[in-house]
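What follows is one structure encoded as structure tokens, with my remarks underneath.
Where a number appears in this text, it was derived from the coordinates with a stated rule and is not lab data. As the structure is a computational prediction, the values presented were derived from the model and not from experiment. Virtual Cβ from ideal backbone geometry, glycine too; neighbours counted across all protein chains shown.
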Amino acid sequence: MIVALAGVLVVVAAAIAALRPRKPLARLHFLTVVTSLGAPLVGLGVIIANGWSLTTAGVALITVLLVATGPVLSAASGRLIERLDE
């Protein structure tokens, strides 16, 4: 439960911090914190709380996919933002 709470706190802190920057590219940096640290902590907390089951396998798969694709999506979004700002 503490692991999931830590993940939620990371996500909430990143969301609040993302309100401050005015440019979308600067806000994108806070999304990376959520996908690389917050989501895995929440996923791990849910896995620990539920024990081993089919639901746990689904949560683990979603967490792994989010961690694997989060940085790629952030980089692609950043390139698109830069291209649109030109």
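Miscellaneous remarks
- Selection within the stretch 59-86 - hydroxyl-bearing (Ser, Thr, Tyr) and more than 10 Å from Thr35 (Cα to Cα): Ser77
- The stretch 54-86 - residue that is among the acidic types (Asp, Glu) and in a helix (DSSP H, G or I) and, of those, nearest to His29 (Cα to Cα): Glu82
- Restricting the stretch 61-83 to residues that are β-branched (Val, Ile, Thr) and either in contact with a Gly (Cβ under 7 Å, 6 or more places away or on another chain) or within 25 Å of Leu44 (Cβ to Cβ) (or both), the residue that is surrounded by the fewest Cβ atoms within 10 Å (Cβ to Cβ): Val72
- For the stretch 5-21, the candidate set comprises residues that are of a type outside the set (Gly, Ala, Ser) and surrounded by fewer than 16 Cβ atoms within 10 Å (Cβ to Cβ); within that set, the residue that is farthest from Ser77 (Cα to Cα) is Leu5.
- Leading residue by the ranking (nearest to the chain's Cα centre (by Cα)) among those in the stretch 37-56 that are free of Cβ contacts under 8 Å to residues at least 24 places away in the same chain and either surrounded by fewer than 19 Cβ atoms within 10 Å (Cβ to Cβ) or closer than 12 Å to Val10 by Cβ (or both): Thr56
- Matching residues in the stretch 22-53 - criterion: being over 19 Å from Val72 (Cα atoms) and either in contact with a Gly (Cβ under 7 Å, 6 or more places away or on another chain) or not in a helix (DSSP H, G or I) (or both): Arg22, Lys23, Leu41, Val42, Gly45, Gly51, Trp52, Ser53
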